[in-house]
Amino acid sequence: MTHSTVRTIRQEHAALSAMLRSIVRLLEQHRKQNTLPDFATLRAMLFYVDEFPEKRHHRKETELLFPKLRARTPMSRDLLDKLDGDHARGERRIREVEHTLLAFEMLGESRREAFERTVGEYVNFYLGHMALEEREILPLAERVLTEDDWHDLDQAFAQNRDPLTGHVADFEYAALFTRIVNVVPAPIGLGPAL
């Protein structure tokens with residue numbers, strides 16, 4: 001049986017993956033057309049990455065899921081330490097991406113390559129991180145956590161769900177997510193406007 005926490009994590013990973021790939025795709029399109037991207041849209045997309053996955057999704061994994069796994073099994077402790085380290089470094093890395101975007105916007109074409117490289121590195125880092133969680137941690141959790149553990153996790157993960165998975169948790173973000181969803185390229189689209 002797949003627990004709602006696992007479904008929520010996978011849905012949030014899918015939304016983030018689509019967002020990250022969409023950023024890369026937008027940059028590729030503008031490079032091919034030799035045009036500058038819409039910086040406001042890129043800022044909105046990066047704000048989403050910083051606001052939800054970095055501050056909410058990771059926090060729930062680090063503060064709730066990972067401690068329960070550590071308490072139930074010595075397996076994968078090194079991996080959990082690595083993933084916690086990724087979470088800690090993620091905030092610094094998104095700041096680097098945001099800074100290189102600002103440099104590109106303010107200084108122009110001479111900073112495009114640095115921004116694209118920083119985005120590419122961040123996207124690869126994040127996709128690898130999520131794949132590791134889905135391949136190693138979620139199956140381990142399904143095997144070793146108790147029903148009481150899952151009850152606690154399911155309640156916690158049901159709060160503050162990612163709006164890009166169709167769960168508008170806070171009206172404050174509705175305009176942001178409508179804007180992002182409406183500008184993402186169709187083949188990678190994130191779903192209907194909210």
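The values are calculated or read from the model by the stated rules, or taken from the named source; none is laboratory data. The structure displayed is predicted, hence computed values, not measured ones. Note that we place each Cβ from the backbone using ideal geometry, even for glycine, and neighbour counts take in every protein chain shown.
Name the one entry in L26, L101 that is surrounded by 18 or more Cβ atoms within 10 Å (Cβ to Cβ) and in contact with a Ser or Thr (Cβ under 8 Å, 6 or more places away or on another chain). Please lay out each step first, then the result.
Details: L101 fails: in contact with a Ser or Thr (Cβ under 8 Å, 6 or more places away or on another chain).
Within the list L26, L101, the selection yields L26.
Identify all residues within the stretch 39-54 that are within 17 Å of Q29 (Cα to Cα) and hydrophobic (A, V, I, L, M, F, W, C); write none if there are none.
Of everything in the stretch 39-54, those that are within 17 Å of Q29 (Cα to Cα) and hydrophobic (A, V, I, L, M, F, W, C) turn out to be F39, A40, L42, M45.
Determine whether E105 is part of a helix (DSSP H, G or I), at pLDDT 95 or above and farther than 30 Å from S4 by Cα. Write out each step before concluding.
Details: part of a helix (DSSP H, G or I): yes; at pLDDT 95 or above: yes; farther than 30 Å from S4 by Cα: yes.
Yes; evaluated as a whole, the condition is true for this residue.
Go through (1) closer than 21 Å to Y126 by Cβ; (2) more than 12 Å from the chain's Cα centre (by Cα); (3) polar (S, T, N, Q) and name the single condition Q11 misses.
Of everything listed in (1) closer than 21 Å to Y126 by Cβ; (2) more than 12 Å from the chain's Cα centre (by Cα); (3) polar (S, T, N, Q), Q11 misses just condition (2).
Which condition from (1) of a type in the set (F, W, Y); (2) under 25 Å from A175 (Cβ atoms); (3) surrounded by 19 or more Cβ atoms within 10 Å (Cβ to Cβ) is the one that F66 breaks?
(2)
Only one of these is in a helix (DSSP H, G or I) and under 29 Å from D148 (Cβ atoms): R56, R31. Name it.
Working: R31 fails: under 29 Å from D148 (Cβ atoms).
None of the other options fit; the residue is R56.
From (1) surrounded by fewer than 18 Cβ atoms within 10 Å (Cβ to Cβ); (2) touching a residue at least 40 places away in the same chain (Cβ under 8 Å); (3) closer than 20 Å to Q11 by Cβ, pick out the condition that doesn't hold for F52.
Only one criterion in (1) surrounded by fewer than 18 Cβ atoms within 10 Å (Cβ to Cβ); (2) touching a residue at least 40 places away in the same chain (Cβ under 8 Å); (3) closer than 20 Å to Q11 by Cβ is unmet by F52, namely (1).
Please pick out the residue among E61, E51, E96 that is modelled with pLDDT under 90 and under 18 Å from the mean Cα position of the chain (by Cα).
Details: E61 fails: modelled with pLDDT under 90; E96 fails: modelled with pLDDT under 90.
Of the residues listed, the single one that is modelled with pLDDT under 90 and under 18 Å from the mean Cα position of the chain (by Cα) is E51.
Okay, residues lined up against (1) under 30 Å from S110 (Cα atoms); (2) in contact (Cβ under 8 Å) with a residue 12 or more places away in the chain:
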site	(1), (2)
D38	yes, yes
R56	no, yes
E63	no, no
P74	no, no
D78	no, no
G85	no, no
